[in-house]
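Peer 1: I am attaching a structure below and will ask some questions about it afterwards.
Nothing in this text is a laboratory measurement; each read-out follows from the coordinates by a stated rule. These figures come from a predicted structure and were not determined experimentally. Here the Cβ is made from the backbone with ideal geometry for all residues, glycine too, and neighbour counts use every protein chain on show.
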Amino acid sequence: QALRDFVTGLPKAELHLHIEGTLEPEMIFELAQRNGVKLAYASEQALRDAYAFTDLQSFLDLYYAGASVLITERDFHDMALAYLRRAHADGARHVEIMFDPQTHTARGIDIETVFAGLASAMRMARDQWGLSSCLILSFLRHLSEADAFETLAQALPLREQYADLWIAIGLDSAERGNPPEKFTRVYAKCRELGFRLVAHAGEEGPPEYVRDALDLLHVQRIDHGVRSEEDPELMQRLIRQRTPLTVCPLSNLKLRVVDQMAQHNLARLLRQGLCVTVNSDDPAYFGGYLADNYTEAAKALSLQPQELGMLARNSIEASFLTANGKMSLM
Ligand code: HPA
Ligand code: ZN
């Protein structure tokens, strides 16, 4: 409890969080009932029991199925507000939220509905709790680059209306077989438009994907990136450039990227001088929110208070807050 209180008290940012991954079974059933959506599971417990993942894809199948209950603006608002309340309770001062518009537009939900619901919750959290947040629109990499371009075209008319929130572009979903180079042109376009860029790389995919995310997509941060350790030259580059990695310990454990938390390379990466951060990824599916990720990693890896402080400080440094915003938190 002392450890948890210490972690909660650290001013920090969450930088790797998929809002669709915050849908708890209770809310999935509540929204299914509200919207008359049929679910493949008889009860919340039956759904929870299905959360026994063997790899990324086995998770993604359930994650996309769970998102099918999101229909109205109010649904997106309720989901986001529940997450923001939880992040605030965990001591987050700032959060950068990824969302997957294609998961919703493919079901006939307007992208306006998604933006409006998320934004109203984010503005409420800012006003009520002083919790700042922004949006990372993420493309699904198992779909085509043309589909990503189409999604960008649907979202761009909303850019001005949500200029205070939508500032970045991300890339998620099934990594292996969907390398960064598949999205070179759409990332070039987003860069030209002035968006900040991130991409998942080196979670299940090889270190080459991390290098290509940097060289071909020109991302400023790598989501996960834990497999970078397999390439010493890449490691030196990440240290030299201070490229942040948004690491998600409980996610890596649940998706079997590591067999045991004690084997996670988070502490080694940190001690070698990388700008690593701790995040929750999809907390409703992986068994813990932000403070749980710090606490579980600290216990398994014997992270010292000073190292926990460094992780929190890294999260502010690696955030897309402006210099002024960072200073007010550090
Ligand atoms: N990796 C790839 N895609 C995802 C993830 C992840 O950890 N979470 C949600 N979509
Ligand atoms: Zn992720």
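Peer 1: Quick one: which of 183-195, 263-275 comes out on top by average Cβ neighbours within 10 Å, and what's the full order, highest first? Can you show the working numbers first?
Peer 2: Numbers: 183-195: 16.2, 263-275: 18.5.
The most tightly packed comes first, giving 263-275, 183-195.
Peer 1: Which distance in Å, rounded to a whole number, links the C-alpha centroids of the stretch 97-149 and the stretch 154-190?
Peer 2: 11
Peer 1: Express as a percent, rounded to the nearest 5, the fraction of DSSP beta bridges in the chain (both residues included) that run antiparallel.
Peer 2: Numbers: 0 of 29 bridges.
Around 0 percent of the beta bridges assigned by DSSP in the chain are antiparallel ones.
Peer 1: A further question follows. Net charge near Pro249: determine it from the other residues with C-beta under 11 Å of the C-beta of Pro249, scoring Lys and Arg +1 and Asp and Glu -1.
Peer 2: Details: positive: Lys254, Lys299; negative: Asp281, Asp292, Glu296.
Counting the neighbours of Pro249, the net charge comes to -1.
Peer 1: Would you mind checking Lys38/Lys299; Lys38/Lys182; Lys189/Lys299; Lys299/Lys326 for any pair whose Cα atoms are more than 32 angstrom apart? Don't jump to the answer; show the numbers that get you there.
Peer 2: Values: Lys38/Lys299 40 Å; Lys38/Lys182 35 Å; Lys189/Lys299 43 Å; Lys299/Lys326 28 Å.
Pairs exceeding 32 Å: Lys38/Lys299; Lys38/Lys182; Lys189/Lys299.
Peer 1: Lys and Arg at +1, Asp and Glu at -1: add these up for the other residues within a Cβ distance under 11 Å of Ala262 and post the number.
Peer 2: Numbers: positive: Lys299; negative: Asp259, Glu296.
Net of charged neighbours comes to -1.
Peer 1: Right, next: Could you give me the ³J(HN,Hα) list for the stretch 143-149, computed from phi with Karplus coefficients 6.51, -1.76, 1.60 and θ = phi - 60°, whole Hz, x at Gly and Pro?
Peer 2: Going residue by residue, I get 8, 7, 5, 4, 5, 5, 4 Hz, with x marking Gly and Pro.
Peer 1: Given axes a ≥ b ≥ c from the Cα gyration tensor, I'd like to know whether the stretch 2-320 is rounded (a/c under 1.5), prolate (a/b larger than b/c) or oblate. Please list the in-between numbers first.
Peer 2: Working: a/c = 1.38, a/b = 1.16, b/c = 1.19.
Because its axes are fairly even, with a/c under 1.5, the stretch 2-320 counts as rounded.
Peer 1: How large is ³J(HN,Hα) for each residue in the stretch 24-35, as worked out from phi by the Karplus curve 6.51 cos²θ - 1.76 cosθ + 1.60 (θ = phi - 60°), to whole Hz, x for Gly and Pro?
Peer 2: Working through the residues one at a time gives 6, x, 4, 6, 4, 5, 4, 5, 4, 5, 4, 9 Hz.
Peer 1: May I ask you to order 5-14, 142-151, 198-207 by the average number of other C-beta atoms within 10 Å around their residues, highest value first? Let's see the in-between values first.
Peer 2: On the way: 5-14: 20.1, 142-151: 16.9, 198-207: 25.0.
Most protected by this proxy first, the peptides run 198-207, 5-14, 142-151.
Peer 1: Let me ask you something else. In whole Hz, what ³J(HN,Hα) sequence does the stretch 192-204 give by Karplus (6.51, -1.76, 1.60; θ = phi - 60°), x for Gly and Pro?
Peer 2: Going residue by residue, I get 4, 7, x, 7, 6, 10, 9, 7, 5, 6, x, 8, 9 Hz, with x marking Gly and Pro.
Peer 1: Moving on. Trypsin sites (Lys or Arg not before Pro) within the stretch 61-113: which are DSSP loop residues with at most 16 other Cβ atoms inside 10 Å? Don't skip to the answer; put the middle values down first.
Peer 2: On the way: sites: Arg74, Arg85, Arg86, Arg93, Arg107; in loops: Arg107.
Sites meeting the loop and neighbour criteria: Arg107.
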